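K.L.:
Quick one: structure below, then a few questions.
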Amino acid sequence: MSQRKRLREFRAAVFTADGEALVSLLRAGPWPSHALQLIGDGLLAALGQNIEAARELAERCVTDLRERDWEGDEDLVAALLARLGAGPAPLLRSLPVDLDQLVDVLEGDAVAGGGRIDLHTGEVWPEAVFEYGIESEEEGKDKDLDDGERWLWVVSEGSRAGYRDMELFVAGVAEPDLVDRLARTLEGRGAFRRFRDELTRWPDLQDRWYVYSAERRRGRARAWLAAEGFAPAVPAADSAQKTT
């Protein structure tokens, strides 16, 4: 099974807050490479559900996060330690925000990008949605667009961090020939497109990049949110799961 397909199984367990399924996956085999941010979120839910073995797995996740120490890892460690009763609860407001959606806005076009987070619902909205909404006054739903207590502004930081991810990924590739080919794609304008196009020739490496990039982006979104005084809410168990 490819890393990407295995990651999908973990994502499904995490996003439905299926603690039993997540713990089963974690105990069944190797953890997906570069998926500690995702796994940590799932273990927060599993701990809240008192799933057997979740505590042991969460402690391992804390250790692995601390050893890796990527951006956002320490914020997740703090949340796990608090849930384990081994540390103080972070003074952050819980917000049901999708970190993948947040980072898409956070690292979008620095000129035309940016957006807002609805502090009532946790939904992430690109700024273009609001520009359209202001022009659609006939529906009468846009009177609170400028309510400073409802929205958390997201100023786009551009693609610099994403470019750095590519550099770090290439530096970690073991095959010298591949390193040279990938390094050349990063020279000059259009690097992101050339890099993605080159990876299509190497499916296993493409899967590794997908997992690596998603993990680093998720961590940066978490760190940004913490700096603004918020933490992603621990997902509740899926309603269908509750009734079975």
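The values are calculated or read from the model by the stated rules, or taken from the named source; none is laboratory data. Everything numeric here is computed off the predicted structure, so don't read it as measured data. Note that we place each Cβ from the backbone using ideal geometry, even for glycine, and neighbour counts take in every protein chain shown. For accessibility, only protein heavy atoms count, side chains too; no ligands or nucleic acids. Shrake-Rupley method; radii C 1.70, N 1.55, O 1.52, S 1.80 Å.
K.L.:
Out of the residues in segment 92-130 meeting the condition of being over 24 Å from Val14 (Cα atoms) and not hydrophobic (A, V, I, L, M, F, W, C), tell me which one is most open to solvent (accessible area, probe 1.4 Å).
P.N.:
At the first step, the residues of segment 92-130 found to be over 24 Å from Val14 (Cα atoms) are 108-116, 126-130.
From the residues that got through so far, the ones that are not hydrophobic (A, V, I, L, M, F, W, C) too are 108-109, 113-116, 126-127.
Details: Gly108: 22, Asp109: 91, Gly113: 32, Gly114: 10, Gly115: 2, Arg116: 9, Pro126: 58, Glu127: 35 Å².
The qualifying residue most open to solvent (accessible area, probe 1.4 Å) is Asp109.
K.L.:
Looking at segment 176-196 only, could you name the residues that are among the charged types (D, E, K, R) and either open to solvent by 80 Å² or more (accessible area, probe 1.4 Å) or within 24 Å of Gln37 (Cβ to Cβ) (or both)? Working first, answer last.
P.N.:
Applying the first criterion (among the charged types (D, E, K, R)) to segment 176-196 yields 177, 180-181, 184, 187, 189, 193-194, 196.
Matches in segment 176-196: Asp177, Asp180, Arg184, Glu187, Arg189, Arg193, Arg196.
K.L.:
Within segment 67-95, track down each residue that is within 13 Å of the chain's Cα centre (by Cα) and of a type outside the set (Phe, Trp, Tyr).
P.N.:
Result: Glu71, Gly72, Asp73, Asp75, Leu76.
K.L.:
Another question, then. Could we say that Ala89 is open to solvent by less than 70 Å² (accessible area, probe 1.4 Å) and more than 16 Å from Ala214 (Cβ to Cβ) here? Quick ask: steps written out before the conclusion?
P.N.:
Values: open to solvent by less than 70 Å² (accessible area, probe 1.4 Å): no; more than 16 Å from Ala214 (Cβ to Cβ): yes.
So Ala89 does not fit the description; no.
K.L.:
Any idea how many residues of segment 1-21 are buried (at least 19 other Cβ atoms within 10 Å of the Cβ) and in a loop (DSSP other than H, G, I, E, B)?
P.N.:
Qualifying residue count, segment 1-21: 3.
K.L.:
Still on this model: Six or more apart or on different chains, Cβ under 9 Å: which pairs go from a residue in segment 15-29 that's at positive phi to one that's open to solvent by less than 10 Å² (accessible area, probe 1.4 Å) and not hydrophobic (A, V, I, L, M, F, W, C)? Could you list them?
P.N.:
What qualifies is Ala17/Gly42.
K.L.:
Within segment 31-44, is even one residue surrounded by fewer than 19 Cβ atoms within 10 Å (Cβ to Cβ) and under 15 Å from Glu215 (Cβ atoms)? It would help to see each step written out before you state the result.
P.N.:
From segment 31-44, those surrounded by fewer than 19 Cβ atoms within 10 Å (Cβ to Cβ) are 31, 33; that's our starting set.
Filter once more, so that each one left must be under 15 Å from Glu215 (Cβ atoms): 31, 33.
The answer is yes; a qualifying residue exists.
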